[in-house]
Amino acid sequence: MRLVIATCSVNYSGRLNAQLPMAKRLLMVKADGGVLIHSDGGSYKPLNWMSPPARMKVSEPDEQQSEAGITEVWTVSAEKSDDTLRILIAEVEHDSSHELGVDPGLIKDGVESDLQRLLAEQIERLGDGHSLIRREHPTPIGPVDILAKGPSGHVAVELKRRGDIDGVEQLTRYLDLLNRDPLLAPVEGIFAAQQIKPQARTLAEDRGIRCVVLDYDEMRGVDDAESRLF
């Protein structure tokens, strides 16, 4: 990756036209061909950019540009469209290149698979008398996150990070299929999530589905009860 801090102006032409007047900015030229222009504000979003695949040509300024103080012109052209990003550089304060290597990618914490694993290990959170049968119990329309045994029969658990109406509908379809199996029926439904929207809770309770809110930090043992205000 090449990092350049330069005083520059930027013009983008193509599906839309946009201009950035002369100012000091960070220019990022990535190994995949992408070019991003950042300021020292605006959070993580670039002011403008060219997505890969793209090709960049560096050229000398023409006479008029040179008289205006331009020392270098970058022309970044998209390979799959007519979009062009033109960067007019007046002064360079920093220019460095760095080999970052292959990135392993983002590893998300607290995704549904993590909740499923933790709840399977702590199945008693569903209430006394519950025991795990299996995770990812298959049905013709997809696997149920957890199948457990409860005091009154089998229990199907659908897990979400944020529980909404679509999750309740999904569990309803699973329950309809599972209750057709004489070896499993009756099957109770539990909708478990870190947050459950009021509309989803109302729909679930109307259909006889129990809602359980899960505290992910507590489940993984990093919740400090002594530091809580309440």
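The values are calculated or read from the model by the stated rules, or taken from the named source; none is laboratory data. None of these values were measured; they are calculated from a predicted model. As a convention, Cβ positions derive from the backbone with ideal geometry for all residues, glycine included, and neighbour counts pool all protein chains shown. Side chains are part of the model used for accessible areas, which takes the heavy atoms of the whole protein and leaves out ligands, DNA and RNA. Shrake-Rupley method; radii C 1.70, N 1.55, O 1.52, S 1.80 Å.
Given Cβ point charges of +1 (Lys, Arg) and -1 (Asp, Glu) and nothing else, what value in debye, to the nearest 20, does the dipole of the chain about its Cα centre take?
Details: 27 positive and 38 negative charges, 132 e Å.
It works out to roughly 640 debye.
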Report task. Would you mind getting the Kirkwood hydrodynamic radius of segment 148-230 from its Cα pairs, rounded to one decimal in Å? Result -> 13.8
Report task. Let me have the 222 nm mean residue ellipticity of the chain computed from DSSP H runs of 4+ only, each contributing -39500 (n - 2.57), with the sum over all residues rounded to the nearest 500. Result -> -5000 deg cm²/dmol
Query raised in the report: Applying the Karplus parametrisation 6.51 cos²θ - 1.76 cosθ + 1.60 with θ = phi - 60° to the phi angles of segment 45-58, what ³J(HN,Hα) value in whole Hz is obtained for each residue in order, glycine and proline being reported as x?
Result: 7, x, 6, 7, 6, 10, 7, x, x, 8, 10, 10, 10, 9
Query raised in the report: Beyond 27 Å, what percent of the Cα pairs of segment 87-230 remain?
Result: 34
Report task. Please work out how much accessible surface His38 shows to a 1.4 Å probe, ignoring ligands, DNA and RNA, in Å² rounded to 10. Result -> 30
**Report entry** segment 61-161: trypsin sites (Lys or Arg not before Pro) falling in loop per DSSP and having at most 16 other Cβ within 10 Å
**Finding:** Lys80, Lys108
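Using alpha-carbon pairs under 8 Å, 6+ residues apart, how would you state the relative contact order of the chain in percent? All intermediate terms of the calculation are to be shown ahead of the outcome.
Details: 429 pairs, mean separation 29.1, N = 230.
The normalised contact order for the chain reaches 13 percent.
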Query - Label-point gap, in nm, between Glu169 and Gln64 - each point 7 angstrom along Cα→Cβ - result: 5.7
Query raised in the report: From the residues Ile146, Ser77, Leu115, which one has its Cα farthest along the dipole of segment 1-154 in the positive direction, the dipole being from +1 and -1 charges on Cβ of Lys/Arg and Asp/Glu about the Cα centre?
Result: Ile146
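Taking a probe of 1.4 Å, how large is the accessible area per residue of segment 80-185, in Å²? If you can, show how the numbers build up before the last one.
Numbers: 6300 Å² over 106 residues.
Averaged over the residues of segment 80-185, the accessible area is 59 Å².
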Query raised in the report: Taking the Cα atoms of segment 46-114, what is the range of coordinates along each of the three principal axes, in descending order and whole Å?
Result: 61, 31, 22
**Report entry** ³J(HN,Hα), Karplus 6.51/-1.76/1.60, whole Hz, each residue of segment 14-21, x for Gly, Pro
**Finding:** x, 4, 9, 10, 8, 10, 10, x
Report summary line: Between the residues Leu126, Val29, Ser96, the Cα farthest towards the positive end of the dipole of the chain, that dipole coming from +1 and -1 charges on the beta-carbon of Lys, Arg, Asp and Glu, is from Leu126
Report summary line: extent check for segment 1-160: Cα max minus min per principal axis, descending, whole Å, gives 86, 31, 27
